[in-house]
Amino acid sequence: MSKTGIIFDIKRYSIHDGPGTRTTVHLKGCPLACWWCHNPESQSVAPVVLFRGEKCIGCGSCVKSCHNGAISVRGGTLVTDDGLCDGCGKCCEVCPPEARELCGRHYTVDELMTQLHKDEIFFRDGGGVTFSGGEPFMQPEFLFEALDACGRAGYHRTLDTCGFVSKSVITDSVKRADLYLYDVKHMDPEKHKEYTGVDNVVILENLRAISEAGAKINIRVPFMPGLNSGDENMHALGRFVQPLKGITGVNILPYHTVAKGKHDRWHMEYKLSDLLPPTENQTRHAAGILEGYGLKVHIGG
Ligand code: SF4
Ligand code: SF4
C-alpha cells in the first residue's frame, strides 16, 4: 500500500517551476506564514473547507450532507467546526453556487503517479515534475516515496522549498532531487522572522548543507519593495551564495498583487494592501548587485 499525502493542486503545463514543461504538485502545509503568501489557504496540512459567504443562497444542502454534523447555522451564519470536519468534501459537491471549496485532497503515491504519467510526453522532452507547496517537506514520507517513484519512471525531479526543515531530512533528499528551487526571503534573521514567522538560521544552514551534499540549486528571491529590496540585503545574499557549490542561478521574483486577491477571496487579513510592485529600475539594480558577485541572475520565474 503506497503512502498517502494531502495535495491541494496539481498544476499542468507549468513553465516557471524548473526546466521545460512541468507538472507541479502542491503539497499542503507550510511552517511559514509569509505576509505575501500566494496560497494562504494551504498553510495548514489538513484539508480545509473554504467558504465564500457572499455566494451562499442559504439552501441548507451542505448542512444536510455532512455526516459529521460539522456545519451549523449560528446567528444566521453558516459555521464549520474544523475539529469535526474530516475533509470529505461532500458539502462542497452539493453546494449549488459553489460557495464552498475543499482545499486539500488525499492521494496515495500510486494515485499521484497515475496523474503524472499522463504528462509523460513533456517529461521526455526536457520537462519534469516539481514538488511544491505549501512546503513539500511538511509531508516527508509521502514526498520521498513520490520522488523515488518519479526517479524509477525517469522523470526529472525539482523540489521547491523554503528550506525550513530538519537538516537530516533535507540532506537525505539530495539523492532524490535533480534540482532545488530554494527560497531566500531575507538575510537578516529578525526581519525574516517578522515577515515569515520564523528566522532564517535553519534555512541558511540547510542551504549550505545541501550545497555541500552535491545539490543543484536555483535561489529564488521574492522581491518585495521596502521589505527585502535594499542594497544591504542584496549584498548579504551575494556574499552568502557566492562561495556555495551547485548554484545554477538566482531568480528575482518581483512582487505582484495576486496574493492580495487570494486573501480577499477567503476573507483573510492582508498586511501588504498598499504595497506596489517594484519598478524595472529597482529590480535591475538588485540584479546588478548580485551579478557583481558572479551570480547568474534572471528576473522572473
Ligand atoms: S468536508 Fe465533509 S466533514 Fe467537512 S464539513 Fe464538509 S461534509 Fe462535513
Ligand atoms: S450548500 Fe452552499 S449555498 Fe447552500 S447553504 Fe450551504 S454554502 Fe450556502
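The values are calculated or read from the model by the stated rules, or taken from the named source; none is laboratory data. These figures come from a predicted structure and were not determined experimentally. Cβ coordinates were reconstructed from backbone atoms using ideal geometry, including for glycine residues, and neighbour counts include every protein chain displayed.
Summary of computed values
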item: Filtered residues of region 86-111 (kept if more than 25 Å from P136 (Cβ to Cβ), more than 11 Å from ligand 1 (Cβ to nearest atom) and of a type outside the set (G, A, S)); result: P96, P97, E98
item: Residues located in region 94-109, provided they are surrounded by 12 or more Cβ atoms within 10 Å (Cβ to Cβ), within 14 Å of ligand 2 (Cβ to nearest atom) and over 22 Å from N39 (Cα atoms); result: V94, C95
item: Qualifying residue in region 80-95 (condition: closer than 29 Å to N251 by Cβ and of a type outside the set (F, W, Y)); result: no
item: Verdict on T248 being at negative phi and modelled with pLDDT under 95; result: no
item: Flag if D9 is in contact with a strand residue (DSSP E or B) (Cβ under 6 Å, 6 or more places away or on another chain), away from ligand 1 (no atom under 13 Å from the Cβ) and assigned to a loop (DSSP other than H, G, I, E, B); result: no
item: Condition check for L272: in contact with a strand residue (DSSP E or B) (Cβ under 9 Å, 6 or more places away or on another chain) and not assigned by TED's automatic domain parsing to the domain that holds K55; result: no
item: Among residues of region 48-85, those that are within 12 Å of ligand 1 (Cβ to nearest atom) and either under 21 Å from K28 (Cα atoms) or in a strand (DSSP E or B) (or both), counted; result: 14
item: H267 being out of contact with any strand residue (DSSP E or B) (no Cβ under 7 Å at 6 or more places or on another chain) and either farther than 12 Å from S229 by Cβ or not assigned by TED's automatic domain parsing to the domain that holds G18 (or both); result: yes
item: Verdict on Y180 being closer than 24 Å to Y255 by Cβ, among the aromatic types (F, W, Y) and out of contact with any Asp or Glu (no Cβ under 6 Å at 6 or more places or on another chain); result: yes
item: Qualifying residue in region 210-219 (condition: in contact with a strand residue (DSSP E or B) (Cβ under 9 Å, 6 or more places away or on another chain) and assigned to a helix (DSSP H, G or I)); result: yes
